[in-house]
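Reviewing the structure listed below.
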Amino acid sequence: MIKAGIIGATGYAGAELVRLLTAHKNVEIVWYGSRSYIDKRFSEVFGNFFNIVDEKCLDDNMDELSKMADVIFTATPQGFCSSLVKEDILKNTKIIDLSADYRIKDVDIYEKWYGLKHPTPEFIKEAVYGLCEVNRESIKNARLLANPGCYPTCSTLSIYPLLKEGIIDASTIIIDAKSGTSGAGRGAKVNNLFCEVNENIKAYGVATHRHTPEIEEQLSYAAGEKVLLNFTPHLVPMNRGILVTAYASLKKKVSYGEVKSIYESYYKDETFIRLLDENVCPETRFVEGSNFVDINFKIDERTNRIIMMGAIDNLIKGAAGQAVQNMNIMFGLDETEGLMQLPMFP
């Protein structure tokens, strides 16, 4: 059995980690870390775990936890994990960090976009970016893994094959994305109150959203050149889910069959990526509660552009589910173990 510890277990992503790992046949959770709820039973914080998880929440002592756990998940705000990681801990255990601390390889870019001084930049180069379908081989030997952000996961997987194959002009990419409110975390914020969100949709972080450099970096690897793009996220009144609609100019005339073949060449063997039938648009309701990514595209011959679309559950494939998928790869398990829950509808 893999002994797992979770720091930040009482946030939305942390609670999803608990839900997924509790049902994982190869995992025992040994630490439910939550600075806000120390000594409170986890099931008192989340009543859906009543009579299932009765352990009490502990603190965020990563040194102690590293001596007990084979893997530590940190579902914590930016700057937290990087303030605790050190060589002695990495000698004892593997770390899967759900924050942005080790996702961006250029520390100056990280500090600029996140407004934080990175406390342990010496580990950035080592950290593996855990986009499973792209970096699987590197993930296998990782001891420090940067779990991708939710918007970058959906955006990158939707665009990556066409950019890698040189079908689209990298300088023309525009990403329009929508997310449910759980993407903002569980902290109390006026902008996330029911009356503020209900019956409303709004753009936010326009030209400044912190996931922009992460998306650009990953797509730059695919393009083989520096990618600059427009990324605009929107908040919609639903609990969970992300829908990405991305636009780019085509470099040459292509048919539906040619583009579909490119996507299939990259994803036909990927359990969690579902390439939809022609003219079927991804919908968040059909991936909710699952680790699946639904992807499709539409060629606009009139404008010589292509529209690439993707949908994920931001808390599963966009956070906890991808973290568990990464853990499975890192420990040589079946990649789908603990993650084959069907999407929930309605």
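The values are calculated or read from the model by the stated rules, or taken from the named source; none is laboratory data. Values in this document were obtained by computation on a predicted structure and should not be read as measured data. Every residue, glycine as well, gets a Cβ built from its backbone with ideal geometry; the counts of neighbours run over all protein chains shown.
Some observations on this one:
- Unmet requirement for residue 184, which otherwise passes all of (1) modelled with pLDDT under 95; (2) more than 24 Å from residue 111 (Cα to Cα): (2)
- Residue count for the stretch 307-346 satisfying the condition of being farther than 23 Å from residue 27 by Cβ and crowded, with 22+ Cβ neighbours inside 10 Å: 3.
- If the condition is being more than 23 Å from residue 311 (Cβ to Cβ), in a loop (DSSP other than H, G, I, E, B) and aliphatic (A, V, I, L, M), then the stretch 132-181 contributes only 142.
- Residues that are touching a residue at least 40 places away in the same chain (Cβ under 8 Å) and in a loop (DSSP other than H, G, I, E, B), drawn from the stretch 1-35: 8, 9, 10, 11, 23, 24, 25, 26
- Screening 30, 85 for residues that are more than 30 Å from residue 220 (Cα to Cα), of a type in the set (Val, Ile, Thr) and not assigned by TED's automatic domain parsing to the domain that holds residue 288 leaves exactly one candidate, 30.
- Residue that is surrounded by the fewest Cβ atoms within 10 Å (Cβ to Cβ) [pool: residues in the stretch 175-205 that are β-branched (Val, Ile, Thr) and within 20 Å of the chain's Cα centre (by Cα)]: 181
- Taking first residues from the stretch 37-62 that are under 15 Å from residue 17 (Cα atoms) and partners that are surrounded by fewer than 12 Cβ atoms within 10 Å (Cβ to Cβ) and not hydrophobic (A, V, I, L, M, F, W, C), the Cβ contacts under 7 Å between residues at least 6 apart in sequence or on separate chains come to 43/54; 57/39.
- Extreme residue, nearest to residue 167 (Cα to Cα), among residues of the stretch 284-316 that are without any contact (Cβ under 8 Å) to a residue 24 or more places away in the chain and within 22 Å of the chain's Cα centre (by Cα): 296
- Qualifying residue in the stretch 217-240 (condition: part of a loop (DSSP other than H, G, I, E, B) and touching a Pro at 6+ places or on another chain (Cβ under 8 Å)): no
- Check on residue 167, β-branched (Val, Ile, Thr) and touching a residue at least 24 places away in the same chain (Cβ under 8 Å): yes
- Residue check, residue 10 polar (S, T, N, Q), surrounded by 21 or more Cβ atoms within 10 Å (Cβ to Cβ), modelled with pLDDT of 95 or more and in the same structural domain as residue 95 (by TED's automatic domain parsing): yes
- Any hit, the stretch 224-236, residues being touching a Leu at 6+ places or on another chain (Cβ under 9 Å) and among the charged types (D, E, K, R): no
- Any hit, the stretch 251-260, residues being surrounded by fewer than 19 Cβ atoms within 10 Å (Cβ to Cβ), assigned by TED's automatic domain parsing to the domain that holds residue 201, in contact (Cβ under 8 Å) with a residue 12 or more places away in the chain and acidic (Asp, Glu): no
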